[in-house]
Amino acid sequence: MPATTDSVSTFEAEYLLESSLTCPKCSAEMGSLQVVRLLRDKVNFTSTLPRKGYVILCPSCKGIISATLGGI
Ligand SMILES: [Zn+2]
C-alpha cells in the first residue's frame, strides 16, 4: 500500500464510503472511514480471543464507529 506523503497520520488505512454517511458522534458528513489496527497486548493465556482486530474511526472527530476482533 503506498503511503500518503502529505500527513503524518495515526490511522493505517482509509476506506471510501460508496455513499456519504453522517457520523453518529459529531454529525459530520463522512465520505470515508479510517481504520486502525488493534494488536493484542495483555491476555490471560487461556483466552481464545483473536490476536488482532481493527477499529473504524470517523475522520473528523476520530470517534470510534466500530471495533472488530479477528478478520485480518
Ligand atoms: Zn465524527
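Taken together, the values in this text are just the output of simple stated rules run on the coordinates, not laboratory data. For clarity, every value in this text was computed on a predicted model and none was experimentally measured. Every residue, glycine as well, gets a Cβ built from its backbone with ideal geometry; the counts of neighbours run over all protein chains shown.
Here are a few things to note about the model shown:
- In Å, descending, principal axis extents of the Cα set of the range 17-57: 42, 19, 13
- Straight Cα distances below 24 angstrom link Lys52 to the lysines Lys42, Lys62, with same-chain residues fewer than 8 positions distant left out.
- Packing, as the average of other Cβ atoms within 10 Å across residues, places the peptides 36-42, 63-69 in the order 63-69, 36-42, highest first.
- Dipole of the range 13-72 computed with +1 at Lys/Arg Cβ and -1 at Asp/Glu Cβ about the Cα centre; of Leu69, Leu57, Cys23, farthest Cα towards the positive end is Leu69.
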